[in-house]
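Since the structure comes first, as structure tokens, the remarks are kept for the end.
The values are calculated or read from the model by the stated rules, or taken from the named source; none is laboratory data. Small disclaimer: the values here were computed from a predicted structure and weren't measured. Here the Cβ is made from the backbone with ideal geometry for all residues, glycine too, and neighbour counts use every protein chain on show.
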């Protein structure tokens, strides 16, 4: 299969690329940094240099690669700038989808998130609507996600991977990541907000599997959504930070509910090799 991989040097993309190569796919790997082209070529891909915000350059790159499938793993989170990331979801995705359709690609697989759902009492399944009426700054994030998913849905076949919060090397939750810095600086407070996590290796494996999944959105997260007062002390201990203050009385925002991975597990056969955040944060449930 001919695969065009956008976001090839990101936290998921750099794990995804060797998996695609190992499966025998011909991969054209997009980067906006010319100095990364040699590394992509050494990894077995055909590198192409273009910025997803430049619609003409991206269209030419996709057209020349003649892909069967376009895999969208583009993010702009290196500086933890959520506004820039939302803009890339809107503008970059629009350019990428236009390019894919013009090039005759039959399928698009795209990265989305599992915490853009409207509020409710329990982990959200894929049929839960997005939280479009959220106040700012959440509104900008949700509308960026909605724009991405609506654009991707124009493809003849498509899969939107609604990833949980990434953990693992190179993520915000790595020992050298943004959230570890926040933990050491005492900027985290453990409340009742529920998060679903996913290890980046599992995220990459899901993207490979999605090359053959039926059209639709899929939550890709581990089996154990958890409130911050449960996971955050473990995370702080794992990265050498002091215990966070715990506020069990704070009201949980209705949207901070976690996500349900039943469809991925039971309908699609996806197996998380890191099925619980406790393993990553080096803790086990207390004996009862």
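Yes/no matrix, rows are residues, columns are (1) closer than 27 Å to residue 132 by Cα; (2) in contact with a strand residue (DSSP E or B) (Cβ under 9 Å, 6 or more places away or on another chain); (3) without any contact (Cβ under 8 Å) to a residue 40 or more places away in the chain; (4) part of a loop (DSSP other than H, G, I, E, B):
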position	(1), (2), (3), (4)
155	yes, yes, no, yes
172	yes, yes, no, yes
201	no, no, no, no
233	no, yes, no, no
236	no, yes, no, no
243	no, yes, yes, yes
252	yes, yes, no, yes
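Could you list all residues from the stretch 26-68 that are in contact with a helix residue (DSSP H, G or I) (Cβ under 6 Å, 6 or more places away or on another chain), within 17 Å of residue 1 (Cβ to Cβ) and in a strand (DSSP E or B)?
Selection gives 27, 28, 29.
Filter the stretch 100-132 down to the residues that are in contact with a helix residue (DSSP H, G or I) (Cβ under 8 Å, 6 or more places away or on another chain) and in a loop (DSSP other than H, G, I, E, B), then identify the one that is nearest to residue 4 (Cα to Cα).
105
Scanning the stretch 263-275 for residues that are within 18 Å of the chain's Cα centre (by Cα) and part of a helix (DSSP H, G or I), which turns out farthest from residue 176 (Cα to Cα)?
Among those residues, the one meeting the criterion is 263.
Check the stretch 18-41 and report whether any residue there is touching a strand residue (DSSP E or B) at 6+ places or on another chain (Cβ under 8 Å), buried (at least 18 other Cβ atoms within 10 Å of the Cβ) and over 29 Å from residue 177 (Cβ atoms).
So far as the stretch 18-41 goes, yes, one or more of its residues are touching a strand residue (DSSP E or B) at 6+ places or on another chain (Cβ under 8 Å), buried (at least 18 other Cβ atoms within 10 Å of the Cβ) and over 29 Å from residue 177 (Cβ atoms).
Residue 115 fails exactly one of the following numbered conditions: (1) more than 23 Å from residue 37 (Cα to Cα); (2) surrounded by fewer than 22 Cβ atoms within 10 Å (Cβ to Cβ); (3) at pLDDT 95 or above. What is the number of that condition?
(2)
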